[in-house]
Structures are given as C-alpha cells and as structure tokens.
C-alpha cells in the first residue's frame with residue numbers, strides 16, 4: 001500500500017485504498033485490519049491520520065470497531081450484476097416544431113402593463129425596512145392576520161359578504177386550497193363540477209381520488225336538477241361568471257342551489273369567484289355566499305386575475321361550522337404564501353391601492369370590450385355572449401365548418417384560439433355550434449383592431 005501520490009489529504013487517500021481493497025475482496029468479512037500504530041509505522045504516517053481514515057470507513061459501514069480489540073471488516077452485500085438493467089428512454093421530438101403564434105386569444109393572461117410596479121416596489125421597500133423581523137418568522141397557518149382583516153373588509157364592501165378574519169384561509173393558489181378542502185370535507189364524499197369547466201379543476205379533484213360527477217350547464221348556469229340526479233354532496237361552481245360559457249347565474253337558480261344545499265347536512269357549495277371583479281355593466285353581482293344564511297357556501301377567490309397569473313395567492317372563506325374541522329388538520333398545514341408577499345398585499349389593500357388598481361383595470365378592459373364590439377357591428381354571422389363580465393367571452397359562428405376545422409385553419413394563420421368543445425369533459429354535453437372562447441385581456445389596446453380583423457377575416 002502506497003500513499004502520498006495524490007493531491008487529496010493523506011487520510012482520504014488511505015480511506016480510498018482500504019475501501020477499494022474491501023470491495024475487491026482483498027480484506028474479507030470480519031477480518032481484522034492492521035492497528036493504527038502498526039499501519040502508521042508501515043506507511044510512515046501519523047496514527048491520527050490512520051484513525052481519521054478508519055473513522056470514515058466506520059461511518060460508511062465498511063468497518064466496525066471492537067473496544068480494546070481493533071478494527072474489523074463489516075459484512076459486504078454485493079449488488080447483483082446478472083440482472084438485466086432497465087433502460088429508460090425519454091423521447092424528445094426534435095423534428096416537431098413549436099407553433100409561433102402571432103395572435104393569441106388566451107384566457108389565462110392579464111395585461112401586465114397595468115401592474116402597479118412603482119407602488120409595489122415602494123411597498124416592498126417598506127416591508128423590508130419596517131417588517132423584516134415579522135417577515136422572517138413563521139405565521140398563522142391561516143395567513144397573516146392583518147391581511148385577512150383587509151380581505152374581510154373588501155368582501156363586505158364589494159361582494160356583500162359579512163365574514164370575520166378567522167374564517168379566511170390564505171394559500172398559494174386554488175390547488176393548495178382545494179386539496180385542503182377535500183381533507184376537511186372528506187375524501188370519501190361525492191363531489192361534482194360544472195361541465196363544461198376548467199380542466200385543471202377536473203384533474204385536481206380526480207388527482208385527489210374522489211368520486212366526481214360532471215353536471216351540465218345551461219343558460220342559467222349549473223343545472224340543479226342534474227346535480228340532484230348525480231347524488232353528489234359537494235359541488236364546485238363559478239356562478240358569477242361561469243367558465244368558460246360566461247353565464248351569470250340568476251337569483252332563481254341561486255335560490256334553487258341554496259335549497260339543495262340546505263336539504264342535507266352533508267351538502268356544501270364551493271363558490272369559485274375567480275374574476276367577479278370585472279363586471280362592465282351595472283353593479284357587481286353579489287356573491288352566493290352573501291345569500292347563504294345556513295353556512296353552506298365555501299367561498300374562494302384569487303389575486304391572479306387582478307394582479308398577475310404568477311402572483312400565487314388565493315384565499316377561501318370557511319363557514320364557521322367547518323372551523324373546528326379545519327382546526328383538527330391545521331397543525332400539519334403551514335401557510336403556503338411567503339410572509340413577504342402577504343405583508344406587501346396587506347399594505348396594498350390597507351392603503352387603498354388595490355381598490356384604485358381594480359378600477360383602473362376595469363376601465364382599461366371596458367375600453368377593450370368596446371373596441372371589440374365595434375369591430376363586430378357588421379358581422380351578423382358572429383354572435384358573442386358573456387362579455388359583460390370577466391376577461392373572456394364566447395363567439396358562436398354561423399358556418400358550415402366544424403369547430404375543429406376552424407381551429408386548425410386558425411393555426412395556419414398563426415392565430416391561437418380555443419374552441420368551447422375542448423372544455424367539455426363529457427362529450428355528450430357538448431355544444432353543437434362551432435364556438436370559440438375568446439380571451440382578450442392579454443392583448444394590448446392598440447392591437448385589438450388588428451387581432452380582431454385577422455380573426456374576422458378567417459371566419460368569413
């Protein structure tokens with residue numbers, strides 16, 4: 001054994017050599033190794049160096065020691081070599097070219113030019129300066145209390161809801177909150193969602209391995225008769241602006257739905273109010289939760305539409321009767337939103353910036369809708385609905401072409417637009433007329449005419 005030829009420390013070099021000899025079977029199981037003094041003298045190195053090498057071998061399980069006896073080789077377990085190794089091949093289709101769309105009608109974007117950069121930067125500096133201790137410490141699993149109080153005030157003023165901050169739970173997006181809700185309400189319960197609907201919600205419930213029914217939607221929103229037939233106990237709906245049809249659920253249907261919820265102790269409604277802030281005609285539609293006097297509605301909302309899709313902060317309002325159930329699971333749920341973002345959002349709401357920001361966005365998006373309506377004045381074969389609220393609408397086309405043919409033709413012209421049929425999980429519920437889902441929020445105001453003219457030309 002020779003050491004001292006490597007740039008590594010002597011003990012590392014010695015450790016590597018002894019390990020190699022053990023692996024090659026030159027030292028056998030339970031065979032005694034040379035003592036520190038003898039090996040050190042043989043190699044002309046310090047016994048302390050030998051001890052360091054032996055300690056590393058002991059730590060990794062190659063060697064064990066017996067007090068006042070010495071060091072011995074541990075049992076060796078060989079990795080089987082004669083079993084055929086599995087090869088995993090990941091397919092990367094280098095020949096498949098990504099489509100570079102020139103004109104995008106997406107529903108999951110906002111106009112980032114409206115983001116209040118200067119205000120946000122100012123509030124960020126304030127938080128770093130004034131709240132750095134609180135920002136770095138843990139917070140209530142429900143989220144920061146001052147922010148929850150601001151959300152409660154906002155909901156009372158603008159959504160007609162009287163709640164207290166203890167009912168509000170903040171989370172990093174709808175995904176984490178729905179997963180928590182399923183834990184609270186029970187994985188063994190029968191859930192229902194709207195069809196058509198947001199496919200992410202469908203996959204989220206399916207991913208949580210719950211029994212799930214798809215309930216059809218008509219001009220009044222989710223059909224309560226179909227919900228009753230499904231035998232579901234909990235239903236997830238978007239009553240203020242159904243996605244993707246844009247239907248606003250009328251008061252009669254809301255009352256029917258509340259009556260269904262009241263009819264059983266196990267019935268609950270999850271109200272997803274994802275973009276209700278953007279109503280361009282008349283007053284905002286009151287939240288369904290505001291009509292609920294029996295603690296049957298769980299309210300959910302997000303800041304992704306009002307601020308930016310990358311701003312992962314949502315919240316839900318639990319009925320007081322479910323707070324004890326939440327308390328039982330809260331010990332293993334921390335708040336998933338960083339304190340830094342919560343403090344900034346608190347200051348943003350408390351200082352009145354959020355209200356001004358919403359009003360600015362509403363005016364901006366209303367201008368976009370007005371431009372779109374003007375471009376469609378002389379296009380009787382194109383009918384739109386659902387544009388009075390929210391950041392998308394439906395466009396039904398009077399044509400002999402199929403929806404699929406229109407979508408494929410649009411791709412050839414570098415236009416990215418989706419069809420309503422893709423949002424149906426149950427194709428039996430599918431709309432028969434070719435209908436496009438038009439998201440306009442990410443299009444710059446100065447480009448609206450160009451985008452619409454390209455789409456109208458395609459659809460003639």
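FYI, it's all coordinate maths here, none of it is from the lab. Bear in mind that the values here come from a model prediction, so they are computed numbers and not experimental data. Backbone-built Cβ (ideal geometry, glycine too); neighbour counts: all protein chains shown.
For region 10-73, calculate the relative contact order in percent as a whole number, restricting contacts to Cα pairs under 8 Å that are 6 or more residues apart.
The value is 41 percent.
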Query raised in the report: For region 227-284, what number results from the quotient of the Cα radius of gyration and 2.2 N^0.38 Å?
Result: 1.22
Report summary line: Taking the chain and counting helices only, DSSP H stretches of n ≥ 4 at -39,500 (n - 2.57) each over all residues, the nearest-500 ellipticity at 222 nm comes to -11500 deg cm²/dmol
Query raised in the report: Expressed as a rounded percentage, what relative contact order does the chain have, with Cα pairs under 8 Å and six or more residues apart?
Result: 18 percent
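Computed over the Cα atoms, what is the radius of gyration of region 158-308 divided by 2.2 N^0.38 Å, N being its residue count?
For region 158-308, the normalised Cα radius of gyration comes out at 0.97.
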Query raised in the report: For region 190-252, rounded, prolate or oblate, judged on the Cα gyration tensor with a ≥ b ≥ c (square roots of eigenvalues), a/c < 1.5 rounded, else prolate if a/b > b/c?
Result: oblate
Query - FRET efficiency, 1/(1 + (r/R0)^6) with R0 41 Å, evaluated for residue 75 and residue 44 via beta carbons - result: 0.80
Query raised in the report: By how many degrees, 0 to 90 and rounded to 10, does the Cα axis of helix 117-130 deviate from the longest principal axis of the chain?
Result: 50 degrees
Report summary line: Relative contact order of region 167-237 (C-alpha contacts under 8 Å, at least 6 apart) in percent is 36 percent
Requested in this report: Taking log10 I(q)/I(0) by the Debye sum over Cα atoms at q = 0.07, 0.11, 0.12, 0.14 Å⁻¹ as the quantity of interest, determine which of (i) -0.55, -0.90, -1.02, -1.32; (ii) -0.36, -0.86, -1.01, -1.28; (iii) -0.40, -0.94, -1.09, -1.36 was computed from the displayed structure.
Outcome: (i)
Query - Directionally averaged shadow of region 283-377, computed from the convex hull of its alpha-carbon atoms, nm² - result: 9.2 nm²
Report task. Compute from the Cα atoms of region 122-213 the Rg and the Dmax, the latter being the longest Cα-Cα distance, and quote both in angstrom. Result -> 17.3, 50
Report task. Grab the alpha carbons of region 336-460, take their convex hull, and tell me the volume per residue in Å³. Result -> 157 Å³
Query raised in the report: Roughly how tilted is helix 403-412, in degrees to the nearest 10 and between 0 and 90, from the longest Cα axis of the chain?
Result: 70 degrees
Query - Reduced Cα scattering model of region 10-73, Debye log10 I(q)/I(0), q = 0.13, 0.25 Å⁻¹ - result: -0.29, -1.15
